[in-house]
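Worksheet for the structure shown next.
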Amino acid sequence: MNNQPILQMRGVTKTFGGIFALNEVSFDLFESDILGIIGPNGSGKTTLVNCITGFIKMTYGEVLFRGKNISRRPAYKIADMGIARTFQIMRPYFSLPAYKNLVIPLFSPRAKRTGGWRGGGKLGDRNAVSIDILEEMGFERESYVPYKMASNLPTGYLKRLELARCLALKPEIILCDEVFSGLSMSEIASMVPLIERLQIEGITLIMIEHRLRELFQVANRVLVLNFGEKLIEGTPGEVMADKKVKEAYFGSEKVEEVETYA
Ligand SMILES: Nc1ncnc2c1ncn2[C@@H]1O[C@H](COP(=O)(O)OP(=O)(O)OP(=O)(O)O)[C@@H](O)[C@H]1O
Ligand SMILES: [Mg+2]
């Protein structure tokens, strides 16, 4: 494994009015990491994803991708470099069938350059490639589900569609903002191998989750945010043994999950 971080956050700060949504957050992400980011509601997790991906401009601080400062680049350029994201509130093209949602990223300059998902060569028939990618993410190829309007897909498939849309870009990093939320235990159980598979394919992941038990099955490192600040970073075991972490969750509805894990 390469010892150079693929992504570095340096003192990333974002204020909204007088509120510090993120306050001097720094960490390194290494290739093939699955870094879990946890923290109570409003602790800055989605803001972090928005800052890395250029959806919002950070107030100050830096993000380096393979050593290059990408802090001031627009979202489309960051995506073009291979940093993809999912949305906590899913954002498919609701009026298109599921597979057509992937045709759009498959026409992106990056997908054209890289050959998309499996890479190597021309993309050819985007519709066929879309179905392949959806199948990789757990859509049943022979069923009607890939052809259903996104507006009619249940949450479980919408979450898979979010991941599939990222894959269509042939990303190096995927930032997953709560891909397990709103899913049943059995739906999460079927998503976990998909996440593991992405890692095996060489994709580096940041996973924001409230579902700690499931997150800790896949994450090798965990960072805890609280009131926009990094509270602790370590292995899942180290993080869960930390008193500050329980205190941070105390009073939030998520405390049960922390306690049942610990
Ligand atoms: N566009 C915005 N304008 C003003 N305040 C914002 C904006 N986006 C986020 N915030 C504030 O920044 C803080 C962090 O919000 P953020 O959405 O990053 O939290 P989160 O950790 O993702 O929470 P959750 O677990 O509920 O998804 C909150 O206080 C939130 O109200
Ligand atoms: Mg959020």
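Tally up the residues in region 36-65 that are more than 16 Å from ligand 2 (Cβ to nearest atom) and hydrophobic (A, V, I, L, M, F, W, C), please.
Final tally of qualifying residues: 4.
Can you confirm whether region 64-72 contains a residue that is touching a strand residue (DSSP E or B) at 6+ places or on another chain (Cβ under 6 Å), more than 27 Å from E136 (Cβ to Cβ), of a type in the set (D, E, K, R) and assigned by TED's automatic domain parsing to the domain that holds R213?
no
How about region 163-193: which of its residues are more than 16 Å from G36 (Cα to Cα), touching a residue at least 40 places away in the same chain (Cβ under 8 Å) and either within 14 Å of ligand 2 (Cβ to nearest atom) or of a type in the set (A, V, I, L, M, F, W, C) (or both)?
L163, A164, C166, L167, A168, L169
Looking at F94, is it free of Cβ contacts under 8 Å to residues at least 24 places away in the same chain and farther than 20 Å from I203 by Cβ?
Against the criterion (free of Cβ contacts under 8 Å to residues at least 24 places away in the same chain and farther than 20 Å from I203 by Cβ), F94 does not qualify.
Condition (residue is part of a loop (DSSP other than H, G, I, E, B), modelled with pLDDT under 95 and crowded, with 17+ Cβ neighbours inside 10 Å) applied to region 159-169: is it met by at least one residue?
Yes, region 159-169 contains at least one residue that is part of a loop (DSSP other than H, G, I, E, B), modelled with pLDDT under 95 and crowded, with 17+ Cβ neighbours inside 10 Å.
For region 61-68, check the following and say yes or no: at least one residue is closer than 22 Å to G202 by Cα and in contact with a Phe, Trp or Tyr (Cβ under 9 Å, 6 or more places away or on another chain).
no
Can you tell me which residue within region 189-206, out of those that are part of a helix (DSSP H, G or I) and within 15 Å of the chain's Cα centre (by Cα), is farthest from G138 (Cα to Cα)?
Q199
I'd like the full set of residues that are at pLDDT 90 or above and under 19 Å from the mean Cα position of the chain (by Cα), limited to region 112-138.
Of everything in region 112-138, those that are at pLDDT 90 or above and under 19 Å from the mean Cα position of the chain (by Cα) turn out to be I133, L134, E136, M137, G138.
Among the residues of region 225-250, how many are free of Cβ contacts under 8 Å to residues at least 12 places away in the same chain and either aromatic (F, W, Y) or under 18 Å from G44 (Cα atoms) (or both)?
So the answer is 2.
Quickly run through region 25-49 and pick out the residues that are β-branched (V, I, T) and within 16 Å of ligand 1 (Cβ to nearest atom).
V25, I37, I38, T46, T47, V49
Do you know which of the residues in region 241-258 that are under 10 Å from L212 (Cα atoms) and in a helix (DSSP H, G or I) is modelled with the highest pLDDT?
The extreme case among them is E257.
The values are calculated or read from the model by the stated rules, or taken from the named source; none is laboratory data. In this text the structure is predicted, and so the values were computed from the model without any measurement. Glycine also receives a Cβ, built like all others from the backbone with ideal geometry; neighbour counts cover every protein chain displayed.
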